[in-house]
Amino acid sequence: MKINRTLALLETGLGATKLLPSVQSVVLTLSQRTRAPGARHFWREHLRRVQYANPELPIVVNFPREPCKPVLEITFDNASPVSFNLNLLSSNDICKRLLEKAAHTSS
């Protein structure tokens, strides 16, 4: 039962979305010494769903020792990387910004 519950949490909810094939990587930089509750919650909850929905996508989480602002960087095939400053954002807002830039849209 615990496995079924864990899979249900990974397969549903915000972040459980297939990203565009042009997305090459996602990098989250989150300092060990900076308080960023929204970014930390995004890392624990939403980023796992994104990774489960996109198993071939390289997702890197950096934890530098020196204080820095939390940043999410999305790298595309033929474009410069898109970066977001995550300071003072909630985890849901961070996930929505990621999906706005990198998710499939059904139009």
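Just so it is clear, none of the values below were taken in a lab; they were calculated from the coordinates. Nothing here was measured: the structure is a model prediction, and the numbers come from that model. Note: ideal-geometry Cβ built from the backbone for every residue, glycine included; neighbour counts use all protein chains shown.
At-a-glance table
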quantity: Residue in segment 32-50 that is in contact (Cβ under 8 Å) with a residue 40 or more places away in the chain and of a type in the set (Ser, Thr, Tyr) present; calculated: no
quantity: Segment 36-57, residues that are in contact with a helix residue (DSSP H, G or I) (Cβ under 6 Å, 6 or more places away or on another chain) and of a type in the set (Phe, Trp, Tyr); calculated: PHE42, TYR52
